[in-house]
Amino acid sequence: MDRLAGKIALISGGSRGIGAAIAERFLSEGAKVVIGDVLDEDGRQLAARLGDGVRYVHLDVTKPADWERAVKETVDVFGGLGILVNNAGIVNFGRIDDYSHEQWARIINVNLTGVFNGIKAAATSLADAGAASIINISSIAGLRGYEQLSGYTASKFGVRGLTKSAALDLGGSGIRVNSVHPGVIETPMTAGMVFETDRVPLRRIGQPMEIADLVLYLAGDESAFVTGAEFVIDGGETAGTVAPRAP
Ligand code: NAP
């Protein structure tokens, strides 16, 4: 009930999916939460449903000025900032020989530069908190390649690398930085996609609240000695290759 009591969090892409689950979970553990997203209507409705401890701000992660405003509003409204969750992301598909420069630029801008923008805008306020945590949502596509997902995979590998360097730069300021690598999770992003769960040892896809539980651990003081690390949460999908079924 109070694992995040007294803490203040900013979550990008928090209007729906994994980000919304993280907002709800943080709130249930006593945090104050600011949700930033480009989906304003969904975000406002979610904030209204979750109650007094939550605010919604418009935040396009590709725009440094939006980040400055979101951080300022968080500090002005709740009195500080101790947790940053870089969760906003998009996916696009195409064989690399058909994949356009525009697709590439767009996904790197949102998924990777958006995380850089967030860390940069929040670093001073996070340092002021004394003990702070940044959680970057990468993917198992930040650990291995996927067909038709070259931009997404490159962006998520980038988030993993950025996490390590940021952890080195910011550790002395009391800011921990870790990456989370989900497998397939049931959210609007994956709606309509077909997945072969017989390749997953646990034989199912994951739920947003399961990611939120891991992010909660990384956000709170229970993980005070954890930084620069990567946390895989994928039902075992990347543990190895599931053997072909016997005929
Ligand atoms: P989602 O349901 O699509 O939610 C992501 C949210 O981020 C949406 O509200 C989206 O709005 C928003 N967003 C997109 N571009 C943005 C921008 N420039 N600035 C601010 N917000 C923006 O996706 P999700 O499945 O919850 O994914 C959350 C994170 O987990 C992403 O980083 C994703 O790559 C990662 N992840 C997801 C899975 C999975 O299987 N679902 C697996 C591994 C990793 P729009 O509708 O406008 O795009």
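Results, tabulated for the structure shown:
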{"quantity": "Within the stretch 203-238, backbone nitrogen closer than 15 Å to the virtual label 7 Å beyond the Cα of ARG144 toward Cβ", "calculated": "203, 232-238"}
{"quantity": "Label-point separation in nm, GLU186 to GLU68, each point 7 Å along Cα→Cβ", "calculated": "4.3"}
{"quantity": "On Cα atoms only, tilt of 40-50 relative to the major axis of the chain in degrees", "calculated": "70"}
{"quantity": "Residue among GLY235, ILE175, GLY151 farthest towards the positive dipole end of the stretch 137-247, charges placed on Cβ", "calculated": "GLY151"}
{"quantity": "The chain, Rg to Rh (Cα coordinates; Rh as Kirkwood inverse mean 1/r)", "calculated": "0.97"}
{"quantity": "Neighbour-count ranking [beta-carbon atoms within 10 angstrom, fewest first] of ASP40, ASP97, ASP221", "calculated": "ASP97, ASP221, ASP40"}
{"quantity": "Principal axes of the stretch 1-105: Cα extent on each, largest first, Å", "calculated": "50, 26, 24"}
{"quantity": "The chain, dipole about Cα centre (Lys/Arg Cβ +1, Asp/Glu Cβ -1), debye to the nearest 20", "calculated": "260"}
{"quantity": "Residues of the stretch 145-173 with amide N under 18 Å of the 7 Å Cα→Cβ point at THR124", "calculated": "170, 173"}
{"quantity": "Hull-based mean projected area of the stretch 113-225, where the convex hull spans the alpha carbons, in square nanometres", "calculated": "8.0"}
{"quantity": "Residues TRP104, TRP67, sorted so that the one with the fewest Cβ neighbours within 10 Å comes first", "calculated": "TRP104, TRP67"}
{"quantity": "Between 0 and 90°, nearest 10: helix 64-78 axis offset from the chain longest Cα axis", "calculated": "50"}
{"quantity": "Built amide H within the under 5 Å cut-off of ARG176, gap 5+", "calculated": "ALA132, SER133, ILE134"}
{"quantity": "Zero-based 5 Å bins, Cα pair distances in the stretch 159-224, whole percents", "calculated": "3, 14, 18, 18, 16, 13, 10, 5, 2"}
{"quantity": "Cross-link pairs LYS32/LYS164; LYS72/LYS156; LYS7/LYS164; LYS32/LYS72; LYS63/LYS120 - those with Cα-Cα distance over 22 Å", "calculated": "LYS32/LYS164; LYS72/LYS156; LYS7/LYS164"}
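Bear in mind that the values in this text are calculations on the coordinates, not laboratory data. All values derive from a computational prediction rather than experimental measurement. Counting neighbours? That spans all protein chains shown, and the Cβs are built from the backbone with ideal geometry, glycine included.
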